[in-house]
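So the structure is just underneath, and the comments pick up after that.
Bear in mind that the values in this text are calculations on the coordinates, not laboratory data. Everything quoted here is computed from the prediction, not taken from an experiment. Positions of Cβ are generated from backbone atoms using ideal geometry, with glycine treated the same way; all protein chains shown enter the neighbour counts.
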């Protein structure tokens, strides 16, 4: 498929722009990856906190900074998705609105 090609989603006849779909999919994969990493960071922060060992508590400073940076990245990715959604023509019930195009063949 080339840049402007469309393909059917969920067999319902609705078509999605390939480039836009892949941009959204890539962003969601990145967000999920960051959220998974955050889960691990939070678990480690909690474990360090429970030990009350000064070195572990000191390590939490860096882990919390990393967690905050990850949260900023997630916010940026969602902001990018919001811009893409607006560029695509708006929102229908909080979801991306894609143009329905007749299927060829």
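If each residue of separation counts as 0.36 nm, what is the full-extension length gain between residue 32 and residue 56 once their alpha-carbon separation is subtracted? Intermediate results must be reported in sequence, preceding the final value.
On the way: separation 24, 0.36 × 24 = 8.64 nm, distance 2.71 nm.
The residue 32-residue 56 span can extend by a further 5.9 nm.
Multiplying the sequence separation of residue 69 and residue 83 by 0.36 nm and subtracting their Cα-Cα distance, what value in nm do you get? Mind dumping the intermediate values first?
Values: separation 14, 0.36 × 14 = 5.04 nm, distance 2.12 nm.
Computed gain between residue 69 and residue 83 is 2.9 nm.
To make sure I understand, if each residue's beta carbon is the centre and we count other beta carbons within 10 Å, what order do 80, 55 fall in, fewest to most?
Numbers: 80 14, 55 8.
Starting with the residue having the fewest Cβ neighbours, the order is 55, 80.
Counting other beta carbons within 10 Å of each residue's own, what order do 26, 19 fall into, fewest first? Before the final figure, lay out the partial values.
On the way: 26 11, 19 14.
Ordered from fewest to most neighbouring Cβ atoms within 10 Å, 26, 19 come out as 26, 19.
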